[in-house]
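The values are calculated or read from the model by the stated rules, or taken from the named source; none is laboratory data. All values derive from a computational prediction rather than experimental measurement. Neighbour counts run over all protein chains shown; Cβ positions are idealised from the backbone, glycine included. What goes into the accessible areas is simple: the full protein's heavy atoms, side chains included, and nothing from ligands, DNA or RNA. Shrake-Rupley method; radii C 1.70, N 1.55, O 1.52, S 1.80 Å.
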Amino acid sequence: MSYWNRFIHHEVDAIIIGGGFTGLRTALNLRDKHPNWSILVVERMTKGSAASTRNAGFACFGSVGEILDDLKHSDRDQMEELIRHRFDGISELRKIDSIDLVPAGGYEVFTPEDEAVYNDTLSKIPEINELVREATGIRDVFKPASIESFGMNFLPEAIYNEFEFQINPGLLWNVLRDQCAEADVVVRIGSEVESIEAIQGGYRIHLERAEVSCKRLILCTNGLTSTLVPLLNVQPARGQILLTKPIDGVIPTGNFHASAGYYYFRNVGDKILLGGARHLFKEDEQTESTFITSQVLGHLQDYLSNYILPNQKWELEHAWAGTMGMAPGKKPIVSEIDENMFIAAGLGGMGVALSHRIARNLTDLVMQKNPAANG
């Protein structure tokens, strides 16, 4: 930055750091509440590249096994609220065109070694169905099903959930970005935040090639939160994913969950996408890095060959990773952490479904301090 740049003062009403689904939705919500505000969204890479467009393309509210596992770390009321928020988010996604939202259905599957786990999970279906009914009003979401004809090396019995969708997260990001453009919200990509400085009446954001001041600062950084706000207990969690080349043969179609959600796979046309296994390499996967590791990729390849496509040849087309944010009990953090500095983080790997409600809650929090002029 030159000496002369110091005399250029650029101030906006609100800056949102993080251009993923939550950040873009929050910007749109604030535009509705404050039509005259100047709003800037800052994204360090492109297209919400930490998690929003680096996920597996699921829109769901969890399997029975995953919900049971979450209940070990949170109470029933908290879990009911999370399920309701996920349901609300999926309901909103169903109103959006051109995002390849497919009602694919979901199956929780179990390896032959996990027959006892299956029997125990099966016995808990009534309890979890009642929890989902209380949260959403939908009855009997989870039910036993047969997957014997799918050709996989799992138990022939599974647990089916019809309220399970596939989505193209890249297309969803495009829709939200276009809505921001139409609403005169500036989305600046490729701008990493180097530091945040408190100044009189607001904050100064130091970017690599610019400085911008704002009256209100909103952090939608999810799994990258610990870099900017180390005191918040949000743990980064890397999710690694592989995608096969097109497969010449019959493949399982739909969404699939295994091992309490720590494995997840789906078809992408005639390809198979598989992610997970971070629970086996927990310390290594508690990182903001989006690099692929040979140990996780190798394990996923073995899992694919042994369980999902045991009798078929396949080739790897692509692999990638994203960074999720985990808060205690998987309860997302939405709070004011300093004067007119707000944050939403820790979406627990469910950001596709949760971002709508989290952005609304975050907007409500900002509005409490900054009510619209018309009341």
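So here's what we get for this one:
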{"quantity": "Restricting the range 76-96 to residues that are acidic (Asp, Glu) and touching a helix residue (DSSP H, G or I) at 6+ places or on another chain (Cβ under 8 Å), the residue that is farthest from residue 144 (Cα to Cα)", "calculated": "92"}
{"quantity": "Whichever residue in the range 175-191 is aliphatic (A, V, I, L, M) and under 22 Å from the mean Cα position of the chain (by Cα) and, among such residues, is farthest from residue 33 (Cα to Cα)", "calculated": "189"}
{"quantity": "Cβ-Cβ under 8 Å pairs, at least 6 apart or on other chains, the range 177-203 side touching a residue at least 12 places away in the same chain (Cβ under 8 Å) and within 13 Å of residue 339 (Cβ to Cβ), far side polar (S, T, N, Q) and not in a loop (DSSP other than H, G, I, E, B)", "calculated": "199/213; 202/213; 203/213"}
{"quantity": "Whichever residue in the range 64-78 is free of Cβ contacts under 8 Å to residues at least 24 places away in the same chain and in a helix (DSSP H, G or I) and, among such residues, is farthest from residue 158 (Cα to Cα)", "calculated": "77"}
{"quantity": "Verdict on residue 238 being basic (Lys, Arg), closer than 18 Å to residue 55 by Cα, open to solvent by less than 20 Å² (accessible area, probe 1.4 Å) and touching a residue at least 12 places away in the same chain (Cβ under 8 Å)", "calculated": "yes"}
{"quantity": "Qualifying strands (runs of 3 or more DSSP E) (wholly inside the range 187-229; at least 2 residues being buried (at least 17 other Cβ atoms within 10 Å of the Cβ) and not β-branched (Val, Ile, Thr))", "calculated": "202-207, 211-219"}
{"quantity": "Positions within the range 244-277 being in a strand (DSSP E or B), open to solvent by 20 Å² or more (accessible area, probe 1.4 Å) and touching a His at 6+ places or on another chain (Cβ under 8 Å), in sequence order", "calculated": "264"}
